[in-house]
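Have a look at the structure below, then the notes.
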Amino acid sequence: MGVVLKQSLNNTMVTYLGFGVGAVNVLFLYTNFMSDEYYGLVNVVLSAAMVLMPVLAFGVPNSLIKFYSSFKDERTTDGFLTLMLFLPLILILPIAGLTFVAYEAIGNFLSKENPIVKEYIWPIFWIGMAMAYFEVFYAWARVRMRSVFGNFMKEVFSRLGVTLLLLFLYFDLIAVKAFIPIAVGIYLLRTLIMAVYAFGVRRPRMVFTFPKNTWKILVYSTLIILGGSAAIVLLEIDKVMINQFIEIENVAYYSVAGFIAMVIAVPSRSMHQITYPLTAELLNKGDKPALKELYQRSSLTLYIVSGLLFILILLNLDDLYKMLPEPYRDGFIIFVWLGLAKVYDALLGNNNSILYTSDYYRAILFMGALLAVLTILFNLWLIPKYGLDGAAIASFSAFFIYNTIKLIYVRSKFGIHPFTNETLKISVLLIGIGVLFYFLDFPFHPVLNIILKGILISALYIGALYRFKISEDVFGVLTKILKK
């Protein structure tokens, strides 16, 4: 767990740096420098690109991680990597052609409620393609246990680029209509830089003699398209569907609450960068005891951190919203539903890694297809009825069903689950602190209130973790910090 914790901490710091930049963008720059309508448009374009991305990637990032460690000789490995480089083109080229031929029909569908979306079909494709190949090159580095730079490019680079664009917009250096086209360039540049880095980690050698198990790799990649798409659909489809039913500025309001909830997922995103290849390696070795240990320790560590983040944000949310423009202040219920979904997701530890890299990956196809359908149906039902709150309830419901099915499936196939006695202790601690601080309000400026309450909550929570040694990994980190 040492290498996991070390790289996870590095990735967490990088990811939080990215989220810090993102917070400035989402909570202050976008909301003050850009109209609500255009901010909603930006979110629709990026969310649609994210939904398209796993299809264009053709499951290659997952295939790279699952199969890379199984090859022992250099020539076979080079043939495998060559296949991984060209495989996404199998879908990228036809989808580009389809977009060209059916541009009008696609535009009419996406702009049914908001006509402004129609002229941005190609930016959706280009950003989706850039994201797809970025993930390919990121996985290329991750299989060599080099995840921190890629995480910086993923979490920080594009957000810094957006910060610059928003500042250019504020100072009238660019027009608002140039924002999305320039953003396309930022995503393409990010992919190019990641490619250079990945090829520096392991130089590609074009070998067109593919591995003997190429058919198995192709089947896996094809099935993972649907399985991998499910998670993205759960995260992004709500914004795309809000655009289909109500005015596009509502996407901006929903996205702010969604971004605040996404902060809870940062530790999970950081840890998964390194647990994913480690899980694949343990499965390839058949080391079930080590797999169980990784499952439970990753779950406990993520639950500890994500649970703290949830109550910190929840108990400070009123003060945070006081600092935002009036239209953005009605997101409390949205945060609660989306935040609970993120905490449950963290509680599953490296569950996703186990499913995606095991021989049971086909189950992801059926789970993914079921959950994609349920998510769309929930949104079709709840958005017209309850508006933005309905979208949040739909997302929570889909996540809850999806994660519960995955939890039960891993338990049935591997005989392991992520829960321990410490999981219950953390739950009691979180509920106790939440109840204790719920009625505590300071009469100062919102920033000072957030700082004071945050310090008190964190001190009590971390103090209890250290005093009772609830987690070996967290206790070890706190001990090192205290010694320094």
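The values are calculated or read from the model by the stated rules, or taken from the named source; none is laboratory data. Fair warning: this is a prediction, and the values are worked out from it, not measured in the lab. Cβ atoms come from the backbone with ideal geometry, glycine included; neighbour counts cover every protein chain shown. What goes into the accessible areas is simple: the full protein's heavy atoms, side chains included, and nothing from ligands, DNA or RNA. Shrake-Rupley method; radii C 1.70, N 1.55, O 1.52, S 1.80 Å.
State yes or no: is residue 360 of a type in the set (Ser, Thr, Tyr) and open to solvent by 30 Å² or more (accessible area, probe 1.4 Å)?
Yes, satisfied.
Considering only residues that are among the aliphatic types (A, V, I, L, M) and in contact with a Leu (Cβ under 8 Å, 6 or more places away or on another chain), look in the stretch 283-312 and name the one that is surrounded by the most Cβ atoms within 10 Å (Cβ to Cβ).
Only one residue fits best here, namely 302.
Of the residues in the stretch 64-78, how many are hydroxyl-bearing (Ser, Thr, Tyr) and closer than 10 Å to residue 357 by Cβ?
As a first pass, look at the stretch 64-78 and keep what is hydroxyl-bearing (Ser, Thr, Tyr): 68-70, 76-77.
Those left that are additionally closer than 10 Å to residue 357 by Cβ: 69.
Of the residues in the stretch 64-78, 1 are hydroxyl-bearing (Ser, Thr, Tyr) and closer than 10 Å to residue 357 by Cβ.
Go through the stretch 442-463 and report how many residues are in contact (Cβ under 8 Å) with a residue 12 or more places away in the chain and either open to solvent by less than 50 Å² (accessible area, probe 1.4 Å) or not in a helix (DSSP H, G or I) (or both).
Matching residues across the stretch 442-463 total 8.
Going through the stretch 323-354 one residue at a time, which ones are within 21 Å of residue 300 (Cα to Cα) and part of a loop (DSSP other than H, G, I, E, B)?
348, 349, 350
Regarding the stretch 72-79, can at least one residue be identified that is open to solvent by 40 Å² or more (accessible area, probe 1.4 Å) and modelled with pLDDT of 85 or more?
No, the conditions are met nowhere in the stretch 72-79.
When you look at residue 60, is it modelled with pLDDT of 85 or more and either more than 15 Å from the chain's Cα centre (by Cα) or open to solvent by 10 Å² or more (accessible area, probe 1.4 Å) (or both), yes or no?
The answer is yes for residue 60.
Can you spot a residue in the stretch 325-340 that is small (Gly, Ala, Ser) and more than 20 Å from residue 12 (Cβ to Cβ)? Outline the logic, then answer.
To start, the set of residues in the stretch 325-340 that are small (Gly, Ala, Ser) comprises 331, 339.
Within this subset, residues satisfying the condition of being more than 20 Å from residue 12 (Cβ to Cβ) are 331.
Yes, the stretch 325-340 contains a residue that is small (Gly, Ala, Ser) and more than 20 Å from residue 12 (Cβ to Cβ).
Pairs needed: first member in the stretch 35-59, without any contact (Cβ under 8 Å) to a residue 60 or more places away in the chain; second member anywhere, crowded, with 24+ Cβ neighbours inside 10 Å and in a helix (DSSP H, G or I); C-beta distance under 8 Å; at least 6 residues apart or different chains.
Hits for this filter: zero, empty list.
Taking residue 303 as the residue in question, decide whether it is modelled with pLDDT under 90, among the aromatic types (Phe, Trp, Tyr) and either more than 22 Å from residue 64 (Cβ to Cβ) or within 23 Å of the chain's Cα centre (by Cα) (or both).
Against the criterion (modelled with pLDDT under 90, among the aromatic types (Phe, Trp, Tyr) and either more than 22 Å from residue 64 (Cβ to Cβ) or within 23 Å of the chain's Cα centre (by Cα) (or both)), residue 303 does not qualify.
Step by step: first the residues of the stretch 72-114, then only those that are hydrophobic (A, V, I, L, M, F, W, C) and more than 29 Å from the chain's Cα centre (by Cα), then the one that is farthest from residue 217 (Cα to Cα). Which residue is that?
Step by step, filter the stretch 72-114, then rank; the result is 105.
Look through the stretch 133-183, keep the residues that are farther than 20 Å from residue 31 by Cα and among the hydroxyl-bearing types (Ser, Thr, Tyr), and return whichever of them is modelled with the lowest pLDDT.
Once the filter is applied, the top-ranked residue is 147.
Are any of the residues in the stretch 355-371 assigned to a helix (DSSP H, G or I) and at pLDDT 90 or above? Full working, then the answer.
Step one: filter the stretch 355-371 for residues assigned to a helix (DSSP H, G or I), giving 355-357, 362-371.
Pick out the ones that are also at pLDDT 90 or above and you get none.
Within the stretch 355-371 (the criterion being assigned to a helix (DSSP H, G or I) and at pLDDT 90 or above), the answer is no, since none of the residues qualifies.
Take residue 390 and tell me if it is part of a helix (DSSP H, G or I) and under 19 Å from the mean Cα position of the chain (by Cα).
Judged against the criteria, residue 390 is not a match.
Identify the single condition in (1) under 25 Å from residue 237 (Cβ atoms); (2) in a helix (DSSP H, G or I); (3) not β-branched (Val, Ile, Thr) that residue 150 does not satisfy, given that it satisfies every other one.
Among (1) under 25 Å from residue 237 (Cβ atoms); (2) in a helix (DSSP H, G or I); (3) not β-branched (Val, Ile, Thr), residue 150 violates only (1).
Only one residue in 423, 479 is without any contact (Cβ under 8 Å) to a residue 40 or more places away in the chain, open to solvent by less than 80 Å² (accessible area, probe 1.4 Å) and either under 30 Å from residue 359 (Cβ atoms) or out of contact with any helix residue (DSSP H, G or I) (no Cβ under 6 Å at 6 or more places or on another chain) (or both), so which one is that?
The conditions single out 479.
Which is aliphatic (A, V, I, L, M), touching a residue at least 40 places away in the same chain (Cβ under 8 Å) and open to solvent by 50 Å² or more (accessible area, probe 1.4 Å), of 173, 169, 160?
160
So, of the residues in the stretch 2-32 that are hydrophobic (A, V, I, L, M, F, W, C) and open to solvent by 60 Å² or more (accessible area, probe 1.4 Å), which turns out to be modelled with the lowest pLDDT?
Per the criteria, the residue is 3.
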